[in-house]
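Comments concern the structure below.
The values are calculated or read from the model by the stated rules, or taken from the named source; none is laboratory data. Just so it is clear, the model here is predicted, and its values are computed rather than measured. A quick note on method: Cβ atoms are made from the backbone with ideal geometry, for glycine too, and the neighbour counts reach across all protein chains shown. For the accessible areas, the whole protein counts, side chains as well, though only heavy atoms, and no ligand, DNA or RNA atoms are used. Shrake-Rupley method; radii C 1.70, N 1.55, O 1.52, S 1.80 Å.
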Amino acid sequence: MTTHTSESTSRFIEIDGLNLHYHDTDVGERVLVMLHGGGPGASAWSNYRTNLPVFADQYRVIAFDAPHYGQSDKPLSAYQDTDFYSEVIGKALDKLGVKAADFIGNSMGGTISLTLAMTRPELVDRLVLMGPGGSPTMFTPMMTEGIKFLGGFYQGEGPSREKLEAAMRIMVYDQSMITPELIEARYQAATHPDLLKKREWKGHPMLNLWQRLVGANLQHRTLLIYGKEDRVIPWDTSLLLLRLLPNASLHVFPQCGHWAQLEKADEFNTLVHGFLEQGHE
């Protein structure tokens, strides 16, 4: 059995002059694309380290570092612009010869996945969306506690380990997951010199995505996954998405925050595998 590590799967591809980093397990008839969230210091491997090796047994797994994240280039423009990110990732999949794929998207990655389903419907088969951005809350005040922490990381006096730790602790129910080693690794990634240059935040596509879903009539089979204790994108944001996505179902993990794929890794892997395989011979 092949052992898939961050190093063994690491690849680069150039898209319109931008150097995009990704992980690729290379083998498999079906392609599964994994897209990470937008928190400070996030990357494909940090988000999916407990999932990618499991799914690689049956899929060709491709996990991208979005522009501005991980080892991908960090241009001054289009920071957290999920329309731009979806265009870049779509072009990367074209260049890799991928005609269609299932998508797993966490938070910002969920927004990118839904955007691709609208703009490139032929490229998207099934969708697994964990706490995707782009839908308003029903019961929780906006902006949420988590979004305030994440949005403030680069503001005011600038980044600090204390601000990063506070933001990360908002992400999870199980506080033992937030180790000094994890904090330091994410802090180093979040304070790359190119990220500290003054830039315009382009997060609005994440905020108004639901408006573009109205009338889109997306028929993709979709699994929405939330942590019941998510303080960033609460589970009640799923209610409008359930109304707008005719083939969507919902699973809520108890005692779980925003990182369902990490906090509930074994249950998550089993749930998602069953969803992706249902109806496939």
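Applying the selection to region 237-248, what residues are out of contact with any helix residue (DSSP H, G or I) (no Cβ under 8 Å at 6 or more places or on another chain) and farther than 17 Å from Met206 by Cβ? Outline the logic, then answer.
Applying the first criterion (out of contact with any helix residue (DSSP H, G or I) (no Cβ under 8 Å at 6 or more places or on another chain)) to region 237-248 yields 237-239, 242-243, 246-247.
Scanning region 237-248 gives Leu239, Leu242, Arg243, Pro246, Asn247.
Please verify whether region 122-130 includes one or more residues that are over 24 Å from Gly279 (Cβ atoms) and aliphatic (A, V, I, L, M).
Initially, region 122-130 is screened for residues over 24 Å from Gly279 (Cβ atoms), giving none.
Within region 122-130, none of the residues are over 24 Å from Gly279 (Cβ atoms) and aliphatic (A, V, I, L, M).
Please tell me if Gly151 is of a type outside the set (A, V, I, L, M, F, W, C), open to solvent by 20 Å² or more (accessible area, probe 1.4 Å), without any contact (Cβ under 8 Å) to a residue 60 or more places away in the chain and within 20 Å of Ala78 (Cα to Cα). Spell out how you get there, then give the answer.
Details: of a type outside the set (A, V, I, L, M, F, W, C): yes; open to solvent by 20 Å² or more (accessible area, probe 1.4 Å): yes; without any contact (Cβ under 8 Å) to a residue 60 or more places away in the chain: yes; within 20 Å of Ala78 (Cα to Cα): yes.
Yes; evaluated as a whole, the condition is true for this residue.
Filter region 67-95 for residues that are acidic (Asp, Glu) and surrounded by 19 or more Cβ atoms within 10 Å (Cβ to Cβ); which is nearest to Gly133 (Cα to Cα)? Reasoning before the result, please.
Step one: list which residues in region 67-95 are acidic (Asp, Glu), which gives 73, 81, 83, 87, 94.
Still in the running and surrounded by 19 or more Cβ atoms within 10 Å (Cβ to Cβ): 81, 87.
On the way: Asp81: 12, Glu87: 17 Å.
Here the residue is Asp81.
Here's a check for you: in region 1-23, which residue that is in contact with a helix residue (DSSP H, G or I) (Cβ under 7 Å, 6 or more places away or on another chain) and free of Cβ contacts under 8 Å to residues at least 60 places away in the same chain is least open to solvent (accessible area, probe 1.4 Å)?
Looking at the filtered set, the residue picked out is His23.
I'd like to know if region 39-52 contains one or more residues that are among the charged types (D, E, K, R), surrounded by fewer than 24 Cβ atoms within 10 Å (Cβ to Cβ) and closer than 30 Å to Gly152 by Cβ.
Within region 39-52, one or more residues are among the charged types (D, E, K, R), surrounded by fewer than 24 Cβ atoms within 10 Å (Cβ to Cβ) and closer than 30 Å to Gly152 by Cβ.
Give all pairs with beta carbons closer than 8 Å in which a residue from region 101-128 that is within 23 Å of Met171 (Cβ to Cβ) meets a residue that is modelled with pLDDT under 95 and assigned to a strand (DSSP E or B); count only pairs at least 6 apart in sequence or on separate chains.
Every condition considered, no pair remains.
From Met130, Met168, which residue is surrounded by 17 or more Cβ atoms within 10 Å (Cβ to Cβ) and in contact with a strand residue (DSSP E or B) (Cβ under 8 Å, 6 or more places away or on another chain)?
Selected residue: Met130, the only one of Met130, Met168 that is surrounded by 17 or more Cβ atoms within 10 Å (Cβ to Cβ) and in contact with a strand residue (DSSP E or B) (Cβ under 8 Å, 6 or more places away or on another chain).
For region 216-237, indicate whether the set of residues that are closer than 22 Å to Thr50 by Cα, exposed (fewer than 13 other Cβ atoms within 10 Å of the Cβ) and out of contact with any Cys (no Cβ under 9 Å at 6 or more places or on another chain) is non-empty.
Within region 216-237 (the criterion being closer than 22 Å to Thr50 by Cα, exposed (fewer than 13 other Cβ atoms within 10 Å of the Cβ) and out of contact with any Cys (no Cβ under 9 Å at 6 or more places or on another chain)), the answer is no, since none of the residues qualifies.
When the residues of region 96-107 are filtered to those that are open to solvent by less than 20 Å² (accessible area, probe 1.4 Å) and of a type in the set (A, V, I, L, M, F, W, C), which remaining residue is nearest to Asp26 (Cα to Cα)?
Val98
What pairs can you find where one residue is in region 233-253 and closer than 12 Å to Gln219 by Cα, the other is in a loop (DSSP other than H, G, I, E, B), and their Cβ atoms are less than 7 Å apart, with a gap of 6+ or different chains?
Leu244/Val214; Leu245/Leu218; Pro246/Gln219; Asn247/Gln219; Asn247/His220; Asn247/Arg221
Quick check on my filter: what residues within region 240-270 are open to solvent by less than 70 Å² (accessible area, probe 1.4 Å), in a helix (DSSP H, G or I) and more than 20 Å from Leu150 (Cβ to Cβ)?
Leu240, Leu241, Leu242, Leu244, Ala265, Phe268, Asn269
Within region 171-183, restricting attention to residues that are out of contact with any Lys or Arg (no Cβ under 7 Å at 6 or more places or on another chain) and exposed (fewer than 14 other Cβ atoms within 10 Å of the Cβ), which residue is nearest to Trp235 (Cα to Cα)?
Filtering region 171-183 for residues out of contact with any Lys or Arg (no Cβ under 7 Å at 6 or more places or on another chain) gives 171-174, 176-177, 179-182.
Still in the list and also exposed (fewer than 14 other Cβ atoms within 10 Å of the Cβ): 176, 179-181.
Values: Ser176: 22, Thr179: 26, Pro180: 29, Glu181: 29 Å.
The residue in question is Ser176.
Here is a yes/no grid of residues against (1) assigned to a helix (DSSP H, G or I); (2) of a type in the set (S, T, N, Q); (3) open to solvent by 10 Å² or more (accessible area, probe 1.4 Å):
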site	(1), (2), (3)
Gly109	yes, no, no
Leu116	yes, no, no
Arg126	no, no, yes
Thr140	no, yes, yes
Met143	no, no, yes
Gly146	yes, no, no
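State yes or no: is Ser135 touching a residue at least 24 places away in the same chain (Cβ under 8 Å), open to solvent by 60 Å² or more (accessible area, probe 1.4 Å) and of a type in the set (S, T, N, Q)? So that I can check it myself, show each step before the final result.
Working: touching a residue at least 24 places away in the same chain (Cβ under 8 Å): yes; open to solvent by 60 Å² or more (accessible area, probe 1.4 Å): no; of a type in the set (S, T, N, Q): yes.
No.
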